[in-house]
Every structure is written in structure tokens, then in C-alpha cells.
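In what follows, a structure is listed as C-alpha cells, so that the remarks can point back to it.
The values are calculated or read from the model by the stated rules, or taken from the named source; none is laboratory data. Everything numeric in this text was worked out from a predicted model, so none of it was measured. Cβ sites come from the backbone with ideal geometry, for glycine too, and all protein chains shown count toward neighbours. Please note that ligands, DNA and RNA were not included when accessible areas were found on the heavy atoms of the full protein model with its side chains. Shrake-Rupley method; radii C 1.70, N 1.55, O 1.52, S 1.80 Å.
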Amino acid sequence: MAWRCSGQSNAELIANLFKSNIISSNSVSRAMSRTDRALFCRSDHRDYAYLDQPLPIGNDVTISAPHMHAYCLELLEDHLKPGNRAMDVGSGSGYLVATMAEMMAPQVEHVVEGTKIVGIEYLQSIYLFGKENIEKYQKTKDLMNQGIIEMIKGDGWKGYAQGGPYHAIHVGAAASTLPHALVEQLANGGRLIIPVGDIDQHLMVIDKDINGKVTQKKVMGVRYVPLVNPTNCK
Ligand code: SAH
């Protein structure tokens, strides 16, 4: 069922998320306004792109609902700044990589040195779908050609140490336990947002302070697909 923020257009969807206080910052509003969700949906679902609900993208995977994307971007907002490094684990459609890039590299000709956005996806067909979507925008395509955006086919449990340490990590699938590698790959002062649990899942915020001390808190109950262990998959 569509949630209350659905719109007739991308602009209306974002305006409704703002009115409902799910989006509260200008930077998230701007990034989501400039990233047309329809381009990250399968062509046969584009008519539903502005409904506030998850939509199938193949292999029993969905692009997350816009209110969850907005909520997670707001939680990471302070960390998604030019010059920082971010990673989206279980990057699926590539939507969050594109919105993170809008926040961290708003002008492709003037990207602050060190800026990096990594997407990791383990399913080959979904990895290709996400990469193709990133290539649909000239801007994100240019950022990928410059190596500022990197789409990796790999195991999210292991992260991608080469691109880190990260100021912001988002995980789009529920981990049975907190993945140690991802906590390790957080920069001092960084933040990780991750759903944790099997049937009873909670969105967790993990902060690493400037001295490297890690604290965690539960923010709300959620339902995500599992962060699988790829070695158990065909
Ligand atoms: N946030 C994304 C996708 C969410 S669905 C979007 O909105 O488009 C979660 C994704 O996590 C799926 O694409 C799934 O294939 C991926 N995934 C699950 N386990 C993974 C793992 N161990 N490593 C990398 N990706 C994984």
C-alpha cells in the first residue's frame, strides 16, 4: 500500500515528504528533487514511480520506499558533505548513490578533492541495473568516469576498505548482526545507518566519535530484505 507522501510527479512526492517532516533539510530536498525516481524504476513500473512505496526491480528485490530513502539521507545529512567519503551497501537501483552524489558533488566541474561515493551490490543483474541507472544522468556518468562514484559488485558484509574510511555508510538490507568490517571502515566522526535483526528488525545508528569510540542506538522498527551471505547463494 502506498504511504501518505505519494505524488503525481517527482516534485510533488518530495514536497509531500517535506510537508510530513520526513525531509527537513534543504540539501536532502534538493538532492531528491534533482534525482527523478522514475529513472531508477524498471520501465514497467515507471507509472508508479511517485507512489511512496517500494517497487520491484527484479530478483525479489525492491527499490526502497521514498520515505525510507528520505529518512536515511536525513540521518546521514551532516556526513554527506563535499570532500567526504560515503558508501551505500546493497545499492540496488543506484538511487541512493545518485542522491548522495547530488549532496556531495553538486557541481561536477568543481568536486572537492577526496569526495567519494561507493555503491556495493552482490547480485549481478541488480548490480548492472544500478550501474546503468547511474549512467543515465550525464552528471553521475561523469562522476563515475572520474572515479568519484564507484559501483562495485561485491559482498556488503565485507564492505570496500579501499574506498574508505567512510564518513557515511548506509546499508539497504537487514544484517542478522552488526557487520564488523563496516564499523571498522567508518572514519572517526562517521555514521553508519543499518537495519539489524532477522524477523524483529531495527534501524540502528552507529556513530564513531573523533577518538574512535563507537556508540549505537535503535531508531525504529523496520522491514528490509536480508543482507545475505553471498557464499550461501548460488
Ligand atoms: N536501497 C536500494 C536497494 C534495497 S534492496 C534501492 O532502493 O534501490 C537491498 C539490496 O541489497 C538488494 O539489491 C540486494 O541484492 C542487496 N544485498 C543483499 N545482500 C547483499 C550483500 N551481502 N552484499 C551486497 N548487496 C546485498
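Taken over region 212-224, the criterion of being open to solvent by less than 70 Å² (accessible area, probe 1.4 Å) and in a loop (DSSP other than H, G, I, E, B) is satisfied by GLY212, TYR224.
Among the listed residues ALA11, ALA15, identify the single one that is closer than 22 Å to VAL97 by Cβ and open to solvent by 40 Å² or more (accessible area, probe 1.4 Å).
So the residue among ALA11, ALA15 that is closer than 22 Å to VAL97 by Cβ and open to solvent by 40 Å² or more (accessible area, probe 1.4 Å) is ALA11.
Specify which of the listed residues (VAL108, VAL61) is closer than 23 Å to ASN229 by Cα and either at pLDDT 95 or above or surrounded by fewer than 24 Cβ atoms within 10 Å (Cβ to Cβ) (or both).
On the way: VAL108 fails: closer than 23 Å to ASN229 by Cα.
Every option except VAL61 fails the conditions.
Every test in (1) outside any loop (DSSP other than H, G, I, E, B); (2) buried (at least 23 other Cβ atoms within 10 Å of the Cβ); (3) more than 9 Å from the ligand (Cβ to nearest atom); (4) free of Cβ contacts under 8 Å to residues at least 60 places away in the same chain is passed by MET87 save one, and that test is (4). Scanning region 120-151 for residues that are open to solvent by less than 30 Å² (accessible area, probe 1.4 Å) and either closer than 26 Å to LYS217 by Cβ or part of a strand (DSSP E or B) (or both) returns ILE120, GLU121, ILE149, MET151. The residues of region 39-58 that are assigned to a helix (DSSP H, G or I) and open to solvent by less than 70 Å² (accessible area, probe 1.4 Å), listed by number, are LEU39, PHE40, HIS45.
Among the residues of region 173-186, at least one is more than 15 Å from the ligand (Cβ to nearest atom), open to solvent by less than 10 Å² (accessible area, probe 1.4 Å) and not in a helix (DSSP H, G or I).
Taking region 120-131 as the range and being under 20 Å from ASN229 (Cβ atoms) and either more than 9 Å from the ligand (Cβ to nearest atom) or touching a residue at least 40 places away in the same chain (Cβ under 8 Å) (or both) as the test, the residues that pass are ILE120, TYR122, LEU123, GLN124, SER125, ILE126.
Could you list all residues from region 181-234 that are among the hydroxyl-bearing types (Ser, Thr, Tyr) and over 19 Å from ASP78 (Cβ atoms)?
Listed by number, the residues that qualify are TYR224, THR231.
As for region 99-110, it holds at least one residue that is more than 11 Å from the ligand (Cβ to nearest atom) and among the acidic types (Asp, Glu).
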